[in-house]
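Since the structure comes first, as structure tokens, the remarks are kept for the end.
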Amino acid sequence: MSEPVQEKAKFIVVANRLPVDRVVNDDGSVAWRSSPGGLVTALEPVMQARGGAWIGWHGAADEEVDPFHHDGYDIVPVALSELEVERYYEGFSNATLWPLYHDCIAEPVFHREWWDAYQQVNRRFADAAAARAEHGATVWVQDYQLQLVPQLLRELRPDLRIGFFLHIPFPPIELFNRLPWRDGIINGLLGADLVGFQTPGHGSNFLRLARRQPGVEGARGRVHLPDGRMVTAKAFPISIDAAGMAELANSPKVLAEARQLRADLGDPSTILFGVDRLDYSKGLRNRVRAVGELFDSGELDPEEVVFLQLATPSRERVKEYRILRDDIDLLVGRINSKSASLARSAINYRYTSVSRETLTGMYQIADVMLVTPLLDGMNLVAKEYLACRSRNDSALVLSEFAGAALELKQAYMVNPYDIDGMKATILRAVRDSPRVKARKMRAMRRQVFEHDIDLWADSFLNQLEGE
Ligand code: GDG
């Protein structure tokens, strides 16, 4: 908090959450800690490099917090009431849009009051961005919670360059059209100059819907609007700071932590590893079931193999997430009561979040990484794992329904709905020769290092600012 906060900024990120969480220390003092999650992991390096302002909610309801300077840029908190958190965030964002955009794996819930709150909060974010932006500034709006902001902001500030990036899939027309407020969302997004998606397929879904709006026409990734503006939709597959991750993975601290972790797990010959926010889109039920059956049948021996699964608490006040948590507890308990060595459980399951160092240590000891979402915009975990594994002696099992599968073609690819297929592929990933594994790892690591987070941000912003 040393430097003063600037009145205006020429670069602004607008996201539902700030990249920091407010923590109250034992002595009552307040501190800010980087918050985990895909979006923050991706965007924090961009902010540190460019400077400017990050507008977002600070995570506590009914609290006004003043802007402050943090790590080279300004943090501008937006306040939400308890009721808005319930309706806009837990409701419309996470119980309507999230399941709808993830193939309706869980049933989306439609409530008119939630939509009202979504509009109201989107307006507040747009107002905050309009107040902070210098003339002609670039404003980059993030993700499904804020899809109305581009249009609302354009109405207030036609001088701005407005970009939008969707971190999750954009659904096919048949699913999207269930949404009673579908036109509102499409027009919200059409307020941007550039709308970015994780994959070309998501971009085409959006364009097909956009062209159904009256007077909207276009082809080849662009649409023309009746007011003469042009909107581009394009895929910008998100990535990670691969070099930074590799450096951290090979730091003495992380290497020592990795050795300790392996010892704590009883020095097994093979460690399978999964780490996800505890979310039904991540395919945890099927993954645990598949590995459980392999232990059960003896194809994996709990004397030699451990499955370490870290599930980070997420959206605990949304019903589906509580149900999922109980299901996984039960499933893991059942498997462990049947398949365990004398020394340890077959599945070492932890429902907690850990430090970045500890997570990196876990990647370092993972012989086989299991990334098996039912649907995922991209999945950064797969890329982080690859960045950490310089010895090329390990294996990535990857769902074909993760955006990352389009880039990481050499992975051990699975259909996470096919439990038997997944079991066979996991076994292959455990048993394949070091030569086969090394070839796959080298190719995928090259892809991640050559397409890192800087390339993602630069391509998006160059296109936006050059439009
Ligand atoms: C959304 C989209 C897209 C997890 N647990 C801990 C922890 N993490 C970090 C991981 C990774 C991030 O959280 C998770 O990113 P994912 O990409 O896997 O998933 P979502 O959170 O669903 O992210 C996704 C992403 O946005 C970016 O566009 O890829 O498709 O759904 O960075 O490392 N980090 C720490 N402790 C944990 O316990 N420190």
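The values are calculated or read from the model by the stated rules, or taken from the named source; none is laboratory data. No experiment lies behind these values; they were computed from the predicted model shown. We place every Cβ from the backbone using ideal geometry, glycine too, and count neighbours over all the protein chains shown.
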| task | Output the qualifying pairs, or none if there are none: Cβ atoms under 6 angstrom, residues six or more apart or on different chains, first residue in the range 18-42 and under 21 Å from Val141 (Cβ atoms) and at pLDDT 75 or above, second residue of a type in the set (Phe, Trp, Tyr) and within 16 Å of the ligand (Cβ to nearest atom). | result | Val20/Trp32
| note | Per the filter on the range 307-332, residues hydrophobic (A, V, I, L, M, F, W, C) and either modelled with pLDDT of 90 or more or assigned to a helix (DSSP H, G or I) (or both) are Phe307, Leu308, Leu310, Ala311, Ile323, Leu324, Ile328, Leu330, Leu331, Val332
| Complete set of residues in the range 346-366 that are touching a helix residue (DSSP H, G or I) at 6+ places or on another chain (Cβ under 8 Å) and either at positive phi or surrounded by fewer than 19 Cβ atoms within 10 Å (Cβ to Cβ) (or both) | Tyr351, Val354, Arg356, Glu357, Thr358
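Restrict the check to the range 391-409 and report whether at least one residue is β-branched (Val, Ile, Thr) and modelled with pLDDT of 95 or more. Steps first, please.
Here is the first cut: in the range 391-409, the residues β-branched (Val, Ile, Thr) are 397.
So of that shortlist, the ones also modelled with pLDDT of 95 or more come out as 397.
Yes: one or more hits.
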| Criterion violated by Gly28 - all others in (1) within 16 Å of the ligand (Cβ to nearest atom); (2) part of a loop (DSSP other than H, G, I, E, B) satisfied | (1)
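Return the only residue of Arg442, Arg389 being surrounded by 18 or more Cβ atoms within 10 Å (Cβ to Cβ) and in contact (Cβ under 8 Å) with a residue 12 or more places away in the chain.
Numbers: Arg442 fails: surrounded by 18 or more Cβ atoms within 10 Å (Cβ to Cβ).
Among Arg442, Arg389, only Arg389 is surrounded by 18 or more Cβ atoms within 10 Å (Cβ to Cβ) and in contact (Cβ under 8 Å) with a residue 12 or more places away in the chain.
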| message | Pull out all pairs, ordered by first then second residue, where Cβ-Cβ is under 7 Å, the residues are six or more apart or on different chains, the first lies in the range 221-232 and is free of Cβ contacts under 8 Å to residues at least 60 places away in the same chain, and the second is polar (S, T, N, Q). | response | Gly221/Thr232; Arg222/Thr232
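Let's see how each residue does on (1) crowded, with 16+ Cβ neighbours inside 10 Å; (2) outside any loop (DSSP other than H, G, I, E, B); (3) among the acidic types (Asp, Glu); (4) without any contact (Cβ under 8 Å) to a residue 40 or more places away in the chain:
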site: Asp62; (1), (2), (3), (4): no, no, yes, yes
site: Arg87; (1), (2), (3), (4): yes, yes, no, yes
site: Val109; (1), (2), (3), (4): yes, no, no, yes
site: Ala117; (1), (2), (3), (4): yes, yes, no, yes
site: Asn122; (1), (2), (3), (4): yes, yes, no, no
site: Ala129; (1), (2), (3), (4): yes, yes, no, no
site: Pro169; (1), (2), (3), (4): yes, no, no, no
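From the set of residues in the range 231-266 that are aliphatic (A, V, I, L, M) and away from the ligand (no atom under 16 Å from the Cβ), which is nearest to Asp327 (Cα to Cα)? Break it down stepwise before answering.
Restricting attention to the range 231-266, the residues satisfying the condition of being aliphatic (A, V, I, L, M) are 231, 233, 235, 238, 240, 242-243, 245-246, 248-249, 254-256, 258, 261, 263, 265.
Checking which are away from the ligand (no atom under 16 Å from the Cβ) leaves us with 231, 233, 255-256, 263, 265.
Working: Val231: 44, Ala233: 39, Leu255: 34, Ala256: 34, Ala263: 29, Leu265: 24 Å.
Here the residue is Leu265.
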| field | Test result for Ser269, hydroxyl-bearing (Ser, Thr, Tyr), closer than 30 Å to Asp329 by Cβ and within 13 Å of the ligand (Cβ to nearest atom) | value | no
| request: Answer yes or no: is there a residue in the range 131-140 that is within 18 Å of Gly56 (Cα to Cα), surrounded by 16 or more Cβ atoms within 10 Å (Cβ to Cβ), away from the ligand (no atom under 16 Å from the Cβ) and aromatic (Phe, Trp, Tyr). | output: no
| field | Filter result (more than 15 Å from the ligand (Cβ to nearest atom), closer than 16 Å to Ala438 by Cα and outside any strand (DSSP E or B)) within the range 368-417 | value | Ser390, Arg391, Asn392, Asp393, Ser394, Lys409, Gln410
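Within the range 283-306, identify whether any single residue is within 16 Å of the ligand (Cβ to nearest atom), assigned to a helix (DSSP H, G or I) and within 14 Å of Pro373 (Cβ to Cβ), and answer yes or no.
Taking the range 283-306 first, the residues within 16 Å of the ligand (Cβ to nearest atom) are 283-284, 287.
Checking which are assigned to a helix (DSSP H, G or I) leaves us with 284, 287.
Checking which are within 14 Å of Pro373 (Cβ to Cβ) leaves us with 284, 287.
Looking for residues that are within 16 Å of the ligand (Cβ to nearest atom), assigned to a helix (DSSP H, G or I) and within 14 Å of Pro373 (Cβ to Cβ), one finds at least one in the range 283-306, hence yes.
Quick check on my filter: what residues within the range 186-204 are part of a helix (DSSP H, G or I) and surrounded by 21 or more Cβ atoms within 10 Å (Cβ to Cβ)? Step through it out loud before you land on a result.
Keep residues of the range 186-204 that are part of a helix (DSSP H, G or I), which gives 186-189, 200-204.
Those that are part of a helix (DSSP H, G or I) and surrounded by 21 or more Cβ atoms within 10 Å (Cβ to Cβ): Gly188, Leu189, His202, Gly203.
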| Of (1) more than 20 Å from the chain's Cα centre (by Cα); (2) not in a loop (DSSP other than H, G, I, E, B), Arg220 satisfies all except one. Which? | (2)
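Among Arg325, Arg350, Arg344, which is the only one that is away from the ligand (no atom under 12 Å from the Cβ), more than 17 Å from the chain's Cα centre (by Cα) and within 30 Å of Gly59 (Cα to Cα)? Please lay out each step first, then the result.
On the way: Arg350 fails: away from the ligand (no atom under 12 Å from the Cβ); Arg344 fails: within 30 Å of Gly59 (Cα to Cα).
Testing whether each residue is away from the ligand (no atom under 12 Å from the Cβ), more than 17 Å from the chain's Cα centre (by Cα) and within 30 Å of Gly59 (Cα to Cα) leaves just Arg325.
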| Which one is surrounded by the most Cβ atoms within 10 Å (Cβ to Cβ) among residues in the range 227-251 that are of a type in the set (S, T, N, Q) and over 15 Å from Ala404 (Cα atoms)? | Thr232
